[in-house]
Amino acid sequence: METASDYGAFTEKFTLPPNSAPALPLKSLTFAVKEIFDTEGYVTGFGNPDWARTHPVATSTAPTALALLRAGATCVGKTVMDEMAYSINGENIHYGTPRNPCAPDRVPGGSSSGSAVAVGAKLVDFSLGTDTGGSVRVPASYCGIFGFRPSHGAVSESGVIPMSQSFDTVGWFARDPMILSRVGGVILQLPDVAPPIRPTSIIIAEDCFQLSSTPFDVVTGTVIKAVEKLYGGDVLKPEILGDYVKTNVPSLKHFMSKDNTDQIYNIPSLAALSSAMRLLQRFEFKNNHGEWISAVKPDLGPGISERVSDALRTTGENIDICYSIKRELHDALSALLGDFGVLMIPTVPGPPPKLQTNTADLEIFRARAFSLLSIAGVSGFCQVSIPLGMYNNLPLSISLVARHGADKFLLHLVESLYDSIEDRKQHIIEHKL
């Protein structure tokens, strides 16, 4: 439950002491972990009291958290998450909803809600979350901080409760790109020194920005100016990503909707991508947790209970096609970006929704969000959400996506770009519609 000082971000507070050797990369930094990571001596609660009640105390700490302790950081507690990681909203009826430090009347984003709030509210220097469908990228955007989803499989998921293994990643949050990068160096086990590489192209997915309720120039303007200043305008290239994906991911045809959606702007190929992602996610979630749910019949909150019920009804039909789509998208985007190209997209389709918005009213927003989130989700590429200050008193962000395995390149790129972006952020804050 929320105390005045902790924004409702924590489920448990404790101190796991760091390695005390000198000259460690994360010395004197504090962090928190989502309640999906095992911590020796504590139950891993997975956002639900019935789960906590029916599972034993963890006998070891997740290797990723241990690596951070060894690198000199101090862990100060576990953070609130959406139940069973099955929401991008950030509301939890059992443990309370962590308060968004940027916009207290808005959701913090989930499922790594407490981890994002703890960083946004300056309670810790960085934090660990997980991202399956968007659970680091969304709360990072909503709380006005950096969020990094690494390449799929790049970080150990040992000691982390699985949600859907085809998409599960361990991600992290920070307020500044230097700490984001230092944490990444430890988590990804990267060598210390590497020269930053100039991006060969920065591809602006113009159709994806049409999914956002925030004007194109407001979202992209500062970043485009920063890119021009650092690398020259010739690296910027427009792309209609939906058309490229439709042409190069032929298995998507099985998921293309026949509905007439003219009245609501959408990108049919990315909507199909999202449908495939969510189907495979339901199937794997059922395989992971279906038996426990059927046996325990846990008390689940609104929205999540319906999603879990849908998952339990999922069959193996079309699952092979989902795996084909994953391979095809990975290859198609690898060809588009090359080794050091970057894709620029909105992280989310607009500002964070108001607290306790009716689930039905959020459907169009959720559908658009998953069209954007499925790009990195299904390809397995790495993605960073970058805060761009406030617009109309609400947090604004943009995302960069790089090929699978280019995590270090993407972290360096953000560090280089952000100094130039910072110079220009005032423009957004002052600009009103």
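Can you list residues whose amide H is under 5 Å from Thr357's amide H, if they're 5+ apart or on another chain and H is modeled 1.01 Å from N?
Excluding prolines and chain starts, which carry no amide H, there are no hits.
On a 25 Å Cα-Cα criterion, which of the cross-link pairs Lys253/Lys326; Lys297/Lys354; Lys34/Lys286; Lys237/Lys354; Lys13/Lys122 come out too long?
Among Lys253/Lys326; Lys297/Lys354; Lys34/Lys286; Lys237/Lys354; Lys13/Lys122, the Cα-Cα distance tops 25 Å for Lys297/Lys354; Lys237/Lys354.
Suppose the chain between Asp310 and Thr15 were pulled fully straight at 0.36 nm per residue; how much longer would it get relative to their current alpha carbon spacing?
102.3 nm
Is the shape of the range 340-416 best called rounded, prolate or oblate, per the rule: a/c under 1.5 gives rounded, else a/b larger than b/c gives prolate, else oblate, with a ≥ b ≥ c the square roots of the Cα gyration tensor eigenvalues?
oblate
Can you compute 3J(HN,Hα) from phi for each residue in the range 204-211, using the Karplus curve 6.51 cos²θ - 1.76 cosθ + 1.60 with θ = phi - 60°, rounded to whole Hz and x for Gly and Pro?
Ordered by residue, 3J(HN,Hα) equals 8, 7, 4, 5, 5, 6, 5, 6 Hz.
Report the Stokes-Einstein translational diffusion coefficient (µm² s⁻¹, integer) for the chain, Rh taken as the Kirkwood radius over Cα pairs, at 10 °C with viscosity 1.306 mPa s.
My calculation gives 74 µm²/s for D.
Per-residue HN-Hα couplings for the range 167-178, Karplus 6.51 cos²θ - 1.76 cosθ + 1.60 at θ = phi - 60°, whole Hz, x for Gly and Pro?
So the Karplus estimates, Gly and Pro as x, are 10, 4, 9, 9, x, 8, 10, 7, 8, 9, x, 5 Hz.
For a protection proxy built on the mean count of beta-carbon atoms within 10 angstrom, sort 413-420, 213-220 highest first, please.
Descending packing order for the listed peptides: 413-420, 213-220.
For the range 159-165, take each phi angle, set θ = phi - 60°, evaluate the Karplus expression 6.51 cos²θ - 1.76 cosθ + 1.60, and give the result in whole Hz per residue in order, putting x for glycine and proline.
These are the phi-based 3J(HN,Hα) values: x, 10, 5, x, 10, 8, 5 Hz.
What does DSSP give for the range 10-431 in terms of the percent of beta bridges that are antiparallel, rounded to the nearest 5?
Roughly 65 percent of the beta bridges in the range 10-431 run antiparallel, per DSSP.
Out of residues 5 or more away from Val342 or on other chains, whose amide H comes under 5 Å of its own, with H placed 1.01 Å from N in the peptide plane?
Hits under the 5 Å cutoff: Ser201, Ile202, Ile203.
By per-residue mean of other Cβ atoms within 10 Å, what is the highest-first order of 102-115, 232-245?
102-115, 232-245
Which shape class, rounded, prolate or oblate, goes with the range 3-58 when its Cα gyration tensor gives a ≥ b ≥ c as root eigenvalues, a/c under 1.5 marks rounded, and past that a/b bigger than b/c marks prolate?
It comes out oblate by the Cα gyration axes.
Scan around Phe37 for amide H atoms under 5 Å from its own, H built in the peptide plane at 1.01 Å from N, and keep only partners 5 or more places away or cross-chain.
Those lying under 5 Å, H to H, from Phe37: there are none.
Every read-out reported here was derived from the displayed coordinates using simple, explicitly stated rules and does not represent laboratory data. In this text, all values refer to a predicted model and were calculated from it rather than measured experimentally. No Cβ is skipped: glycine too gets one built from the backbone with ideal geometry, and neighbour counts run over all protein chains shown.
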